[in-house]
Amino acid sequence: MLLETFHSLGVFALAVATVLPMSNAPFWWIRTLDFPRLQFFVLALLLITMQFVFCDYQPLLHYCLLAVSGVIAAYHFSWILPYTPLAPLEVKWSDFDKESETIKILCANVLTPNRDSESLIKLIASCKPDVVLTVETNLWWQDQLEPIEKDYTHCVKWPLENLFGMHLYSRLPLHEVEACYLVEDGIPSIHCEVELESGRRVLCHFLHPTPPVPEYAATSTGRDAELIVVAKSVADENRPVIVAGDLNDVAWSTTTRLFRKLSGLCDPRIGRGLFNTFHAQYWPIRWPLDHLFHSNHFTLRKLKRMPYFGSDHFALFTELTLEHQQKEDPPLQPTPEDEKLAEERTREAGVEVEDVPGQN
């Protein structure tokens, strides 16, 4: 009887955790339930196994609980499925081998208290990116990364002690650079054009919005609004576009999916894998929090989660080829409900699309 009670309570709790995010309420304790969909899927399978092996229910209750657990497992797997090799690729592999039209970007959340700067410098040397984005960088990290400036001569530096500092290092020329507090004071973002060796330019937005955790924000409004206004700002953009950074949101969340619908940008993870970047030290609770999205001017040459370098995040390395001269049809389209949700979030945050730098 004790096992049955424990099992039924587990099914009930998992059902509640599954249903709550459907409300789209911005409270942190609801929005963080978007993160562990893979863990919820595994837990649902364990509950099904436990029911068959250990529990002795009456037939009606047995089949009801089994149905609930099965629906929960299927629901969470449906969100994860696109980020597995079972799904078709959204971004094609590159068959265009012109180095002057490629861009290599390394995104690394360094973890401010982390003191293993040498490992990050070696990581940069090993993959030789054209652009390095670091977040959570303060003055100590700025000093430690100074040696790479001999190769990365174009820099944007915004050291902060609040875990939201941001630095951009580039071998390639940067144009129209603007660093700003886009939505919230103390939460910077960097916006610029990166000039490829061919001379073509790519509009880039580098972000690190506030996570929906009580230490920083009681709701996800700030994070959601930052993603939404950037998405809307690039929706009608004809230039090649890249949006990258630690977005403090998982690839399969409602907010990230809304971002992709509004922006028309592609996710190179789809059809390839999860590429979980957080938490680097605890594998059972890993999620894809660091992202790179791009317009469909690009094809993919490489996407790799880099080795551990002392942070709580793994770095994400992406190499793209600029192939298409014209923007093609976006993979997702927003619905009226999506537009309504986006309007609510930006209104709550008091931010407008016109506030985003880099627009034509």
With the first residue restricted to the range 130-144 and required to be over 23 Å from Val243 (Cα atoms), and the second required to be among the polar types (S, T, N, Q) and not in a strand (DSSP E or B), Cβ contacts under 6 Å at 6 or more apart or on different chains are Gln144/Ser117
For Asp143, all conditions in the list (1) under 19 Å from Gly310 (Cα atoms); (2) not in a helix (DSSP H, G or I) hold save one; what is the number of the exception?
-> (2)
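Here's the yes/no breakdown for (1) within 22 Å of the chain's Cα centre (by Cα); (2) polar (S, T, N, Q); (3) surrounded by fewer than 12 Cβ atoms within 10 Å (Cβ to Cβ); (4) more than 22 Å from Trp287 (Cα to Cα):
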position	(1), (2), (3), (4)
Glu4	no, no, no, yes
Ser8	no, yes, no, yes
Phe12	no, no, no, yes
Thr18	yes, yes, no, no
Leu38	yes, no, no, no
Ala44	no, no, no, no
Gln51	no, yes, no, yes
Cys55	no, no, no, yes
Residues within the range 211-225 that are open to solvent by 10 Å² or more (accessible area, probe 1.4 Å) and either free of Cβ contacts under 8 Å to residues at least 60 places away in the same chain or among the polar types (S, T, N, Q) (or both), tallied | 5
Of the conditions (1) out of contact with any strand residue (DSSP E or B) (no Cβ under 9 Å at 6 or more places or on another chain); (2) hydrophobic (A, V, I, L, M, F, W, C); (3) at pLDDT 95 or above, the single one that Val11 does not satisfy is (3)
Between residues in the range 177-197 that are within 20 Å of Asn109 (Cα to Cα) and part of a strand (DSSP E or B) and residues that are at pLDDT 95 or above and among the polar types (S, T, N, Q), which pairs lie under 8 Å by C-beta distance while being six or more apart or on different chains?
-> Ala179/Ser189; Cys180/Ser189; Tyr181/Ser189
Filter the range 14-53 down to residues that are within 15 Å of Gly70 (Cβ to Cβ) and of a type in the set (Phe, Trp, Tyr) and give me whichever is modelled with the lowest pLDDT.
-> Phe52
Scan the range 76-94 and report the pairs whose first residue is at negative phi and whose second residue is open to solvent by less than 20 Å² (accessible area, probe 1.4 Å) and part of a helix (DSSP H, G or I), with Cβ atoms within less than 6 Å and a gap of 6+ or a chain change.
-> His76/Arg37; Trp79/Arg37; Ile80/Arg37
In the range 62-88, residue farthest from the chain's Cα centre (by Cα) [restricted to those that are open to solvent by 80 Å² or more (accessible area, probe 1.4 Å) and farther than 12 Å from Val11 by Cα] | Tyr63
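Within the range 338-360, restricting attention to residues that are small (Gly, Ala, Ser) and part of a helix (DSSP H, G or I), which residue is nearest to the chain's Cα centre (by Cα)?
Ala342
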Of all residues in the range 226-242 being at pLDDT below 95 and among the acidic types (Asp, Glu), the one that is surrounded by the most Cβ atoms within 10 Å (Cβ to Cβ) | Glu237
Looking at the range 323-339, is at least one residue open to solvent by less than 10 Å² (accessible area, probe 1.4 Å) and among the β-branched types (Val, Ile, Thr)?
-> no
Would the range 100-114 turn up any residue that is over 25 Å from the mean Cα position of the chain (by Cα) and either surrounded by 12 or more Cβ atoms within 10 Å (Cβ to Cβ) or under 30 Å from Ile148 (Cα atoms) (or both)?
-> yes
Report, by residue number, each residue of the range 32-70 that is of a type in the set (Val, Ile, Thr) and in contact (Cβ under 8 Å) with a residue 40 or more places away in the chain.
-> Thr32, Val68
Among Arg269, Arg257, which is not in a helix (DSSP H, G or I) and not aliphatic (A, V, I, L, M)?
-> Arg269
Taking the range 287-313 and keeping residues within 16 Å of the chain's Cα centre (by Cα) and either buried (at least 21 other Cβ atoms within 10 Å of the Cβ) or hydrophobic (A, V, I, L, M, F, W, C) (or both) leaves Trp287, Pro288, Leu289, Asp290, His291, Leu292, Phe293, His294, Ser295, Leu303, Met306, His313
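Table: residues versus (1) among the aromatic types (Phe, Trp, Tyr); (2) over 25 Å from Ser311 (Cα atoms).
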residue	(1), (2)
Arg200	no, yes
Tyr216	yes, no
Ile228	no, yes
Ala244	no, no
Flagged in the range 115-136 as of a type in the set (Asp, Glu) and open to solvent by 40 Å² or more (accessible area, probe 1.4 Å), in numbering order, are Asp116, Glu118
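The values are calculated or read from the model by the stated rules, or taken from the named source; none is laboratory data. Computed from a prediction, not measured in an experiment: that's the story for all the values here. When we count neighbours, we look across all protein chains shown, and the Cβ atoms used for this are built from the backbone with ideal geometry, even at glycine. Surface areas here come from the heavy atoms of the whole protein model, side chains and all, with no ligands, DNA or RNA. Shrake-Rupley method; radii C 1.70, N 1.55, O 1.52, S 1.80 Å.
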